[in-house]
Each structure stands twice: as structure tokens, then as C-alpha cells.
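The values are calculated or read from the model by the stated rules, or taken from the named source; none is laboratory data. Small disclaimer: the values here were computed from a predicted structure and weren't measured. For neighbour counting, all protein chains shown are included, and Cβ atoms are generated from backbone atoms with ideal geometry for every residue, glycine included. For accessibility, only protein heavy atoms count, side chains too; no ligands or nucleic acids. Shrake-Rupley method; radii C 1.70, N 1.55, O 1.52, S 1.80 Å.
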Amino acid sequence: MKERHFCLVFTCMLLLFIIFSCAVPQEEDPMKQAAMSIADQLGLPETSQSTDDRFIIFYAAELKSGDIVSEGSPFKSLQKPAAGEEKWLFVLDKHPLAKLAHEVVYIYLNEDFEIVTQEDAEWMPFLNDQPLFLGDIYHPSFSQIKWKNFELSVSETIVASELVVSVPNNCALVVNGNNPERYIDAGISKDKEHMEQFFKQFYGEVAVRALEYPDNSKEDFENAVDALIKGGATRLIIYISSHGSKNQLVMGNSRLTVDDLYGILSNYLGVKFYVIIDACYSGSFVDGLCYDGLGNLLTIMTATDSDRLAYGDCDGKKDPNPEDSGGEWTSGFYETLVSYTSSQVAWGFIEYIAQIHYVELEQVLYKVAFDRAWELDCARISWRTVPQYCGWTPTGKRAHSAFEEK
């Protein structure tokens with residue numbers, strides 16, 4: 001009898017639980033509701049198939065009296081004390097995956113999730129001098145993404161095959177200039193990993209030096225260049241992936257300017273240099289170094305020009321290279337380097353072109369890789385970037401930009 005009574009009570013309780021669960025819907029994340037309210041108030045499109053109107057809204061912070069919101073830029077200092085009615089801080093990112101200096105909007109809401117203030121910026125916000133966004137913030141699982149109107153995709157790492165050639169007596173310096181304690185990654189560490197991997201297989205382990213935080217300051221960079229040259233390097237390939245503004249790059253807790261790099265290269269006129277930079281506005285380095293009389297600078301190329309952003313992996317329907325990872329331009333450049341040095345036939349073509357034009361193998365290899373990266377760059381296809389090249393061409397003329405060539 002007791003068992004029957006127990007079963008009856010348990011069954012009733014279970015039915016009540018099921019009825020109550022169905023009758024009371026699960027409460028939706030209020031921050032997601034707030035982000036949807038922002039999208040509605042600003043009239044943002046619900047979905048996007050292009051790169052022109054892709055948006056992401058992040059929840060940043062709950063604001064308290066005395067809080068200071070600042071723009072997390074290494075190049076300027078803008079601060080704003082939170083006003084009394086400003087309860088919540090959100091960020092609208094107008095160019096997701098760009099390598100950081102790009103259009104974002106700080107949006108301040110009151111308690112009723114109504115927009116009180118909007119503030120245009122180029123960098124993600126800091127709160128009381130502490131970064132609010134770090135790491136891979138564009139991963140679909142990132143908890144602070146509260147609204148987006150396009151699908152994010154995350155590609156697997158591309159692993160280089162065994163290389164069948166090597167070129168002795170050359171060295172490479174691979175630099176991840178980012179400070180991950182202050183700025184998001186945007187594919188920078190992946191770019192550094194890929195290029196370091198390639199150069200180690202191409203030139204050999206001992207011929208490659210890599211820098212990353214916290215040992216990636218301008219002084220660390222200068223010391224690394226000096227050490228490689230004193231160690232016997234007569235050709236030095238410099239690859240830098242970082243955040244940038246016009247005429248300057250983030251270099252750990254410091255900055256590297258066009259004038260700084262010019263001074264470093266001019267200190268070693270007996271050494272031949274190749275310079276490759278993937279950062280926003282990096283074309284300003286081409287403008288500053290290409291036609292300045294540095295005869296030892298054989299090639300300089302950048303992921304974009306002096307007026308546009310550089311992008312992390314921005315796969316889309318128009319992307320001819322959807323399986324890439326890291327920076328949109330560097331990924332295509334890296335893949336081409338691997339493919340042309342993994343095949344005897346392809347490498348034979350590089351050797352033939354270098355021989356008939358009396359130029360170095362790298363001049364041909366990097367020009368071929370640049371041209372192919374141009375074709376694979378989804379951001380370039382949408383004219384969000386214009387990769388820049390200054391160096392040898394098969395015509396014998398020193399080309400300045402791929403835009404002019406194409």
C-alpha cells in the first residue's frame with residue numbers, strides 16, 4: 001500500500017514539474033535581448049550575405065559610478081567617465097575580423113536598454129584601463145557575442161608538407177608584434193606560427209628567429225636583427241604580423257615606426273632585406289620605404305595599403321580560399337610558399353625564372369606568392385584591402401602596388 005501511495009505521489013509531482021516547465025518558458029539572456037534591441041533601434045539588417053554590412057554586437061560591461069571607459073589604442077588616449085544614466089556598455093563592430101584599427105561604436109544603454117549615447121572609435125574599449133576583449137573574440141562560442149547577422153566559421157590549421165628544397169646562408173625573423181594582454185589576436189599568432197613553420201623548413205631551424213610577447217618590443221626587434229647579421233646573415237627576411245596605424249606598428253609594449261625601420265635597414269647596407277608586413281594601414285611602410293634610396297631593400301610587401309584595414313580570416317561565399325586560417329592575406333601567401341617549395345616541378349619554374357632574369361630565387365618566389373595571395377584574398381576581392389608590393393617584376397620594372405599592376 002505504501003509503495004502504491006509513493007508511486008502515486010511521485011507521478012503527480014512529475015506531472016506537475018512537466019506542466020510547470022512547459023508553462024514557464026526559460027528566461028532569455030537579458031544581454032542578448034539588449035543587443036537585439038540595439039540592432040532594432042539602429043535598423044541593422046537581420047542577415048547579410050556580403051562583407052559590406054556584416055555586424056557583430058558585443059556585451060562589454062555593466063557600468064558603475066566612477067568607471068572610466070577609454071579607447072584601447074596604443075596610439076592615442078581617449079577617456080570618458082560613465083554618466084549616471086549609462087548602465088550598460090555594448091560594442092557594435094562594423095568590420096569584424098579586421099586587424100583592429102577599424103570602425104566600432106561604443107553604445108551606452110540605460111536600465112531599460114534604450115540607447116543613451118553612441119561614440120565612434122577605432123579600437124575595442126578598456127574599462128578602468130583594463131581590456132574587455134582578448135583572444136579569439138570572433139569565435140562563434142565567444143560568450144560576449146550577443147548578436148550577429150552572418151555566420152562565423154573557424155578553419156583548421158593548414159599544415160605544411162615536407163619541403164624538397166632549402167636555400168642556405170639566408171635568415172628569417174618572424175615577429176608577432178601583438179600584446180595579447182591588451183589587444184585581441186585577430187589571427188596574428190596563427191600567421192606567426194605558419195610563417196615560422198615555413199621558414200624553418202625552408203632555411204633550417206638555426207636560420208630562423210621568432211619574437212612574441214613579452215619579448216617583442218622595438219628594442220627586442222632591433223637586437224634580433226643585429227644578432228642575426230652578426231651571426232653571418234647576408235640576406236634577412238623580416239615578417240611582421242601585428243596591429244597597426246598609419247606609419248607605425250604595435251610592437252609589444254612599444255611601437256615601430258616607418259622611420260625606425262628605415263634606420264634599422266640603413267645601418268646594414270651590406271645586407272639584403274625582404275620585408276613582409278600584415279597589419280592595418282601597413283601600406284604606409286611601402287610608401288615610406290619603397291622609393292627612399294635603400295638599395296639593400298630588395299622587396300617590401302604588405303597586406304593592405306596606407307588607407308585600408310587588414311583582415312583576419314573572413315570566409316564567405318565569394319572566398320576562393322575558405323579553408324584558410326590566420327590573416328586573410330598571409331594565409332594565401334603562406335599556402336603559395338608551401339606549394340611552390342613542395343614540388344620539384346614548381347620549384348624548377350622558380351629557378352628558371354630567376355636564372356633568365358638574373359635575380360635571386362626569393363625575389364621570384366615572393367613575387368609569385370604575392371600574386372597568388374592577391375587572388376585568394378577575400379577581403380581584397382571585396383575591395384576592403386589593396387595589398388601592396390614594391391620590388392622586382394618580370395618586366396624588369398620596380399612595381400609599386402598590385403593595384404596599379406592589376
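Quick notes on this structure:
- Relative to the dominant Cα principal axis of the chain, helix 30-42 is inclined by about 70°.
- Gaussian network model of the chain, springs between alpha carbon atoms under 10 Å - residue of Met195, Met36, Met301 with greatest fluctuation: Met36
- Relative to the longest principal axis of the Cα atoms of the chain, the long axis of helix 2-23 lies at roughly 60 degrees.
- Förster radius 35 Å - calculated FRET efficiency between Tyr262 and Ile115, Cβ distance, rounded to 0.05: 0.15
- Largest GNM mean-square fluctuation across Gly72, Gly177, Gly231, computed for the chain with C-alpha springs under 10 Å, falls on Gly231.
- The value obtained for region 332-398, namely the Cα convex hull volume divided by the number of residues, is 80 Å³ per residue.
- With contacts taken as Cα pairs under 8 Å at a separation of at least 6 residues, the chain carries a relative contact order of 13 percent.
- Selected from Tyr311, Thr299, Pro131, residue furthest toward positive end of dipole (the chain; charges at beta carbon): Thr299
- 13 Å beta-carbon shell around Met195, net charge (K/R +1, D/E -1): -2
- Between Glu62 and Glu351, the contour length at 0.36 nm per residue exceeds the alpha carbon distance by 98.0 nm.
- Per residue value of the accessible surface for the chain (all protein chains in place, 1.4 Å probe), Å²: 46
- Overall form of region 248-406 per C-alpha gyration tensor (a/c, 1.5; a/b vs b/c): oblate
- Per-residue packing, averaged as other Cβ atoms within 10 Å, sorts the ranges 233-244, 269-280 into the order 233-244, 269-280, beginning with the highest.
- With Cα atoms, 0 to 90° folded angle of helix 344-357 axis to the chain main axis: 50
- Between Leu42 and Asn223, the modelled labels are 4.3 nm apart [label points 7 Å from Cα along Cα→Cβ].
- Taking the 1.4 Å solvent-accessible surface of the chain as the whole, the part contributed by carbon and sulfur is 52%.
- Pairs over the 30 Å Cα-Cα cut-off, from the set Lys32/Lys80; Lys76/Lys230; Lys99/Lys200; Lys146/Lys200; Lys99/Lys367: Lys76/Lys230; Lys146/Lys200.
- DSSP beta bridges confined to the chain are antiparallel in about 65 percent of cases.
- Accessible-area rank, largest first, for Phe75, Phe198: Phe75, Phe198, with all protein chains present and a 1.4 angstrom probe.
- Taking every DSSP helix (H) stretch of at least 4 residues in the chain, weighting each as -39,500 (n - 2.57) and dividing the sum by the residue count yields a mean residue ellipticity at 222 nm of -10000 deg cm²/dmol.
- Counted residue by residue at 0.36 nm each, then reduced by the alpha carbon distance between them, the extension gain from Lys32 to Asp53 reaches 5.6 nm.
- Options [x] 214; [y] 129; [z] 197 - which one matches volume of the Cα convex hull per residue in Å³ as calculated here: [z]
- Shape call, region 288-352: gyration tensor on alpha carbons, a/c limit 1.5: oblate
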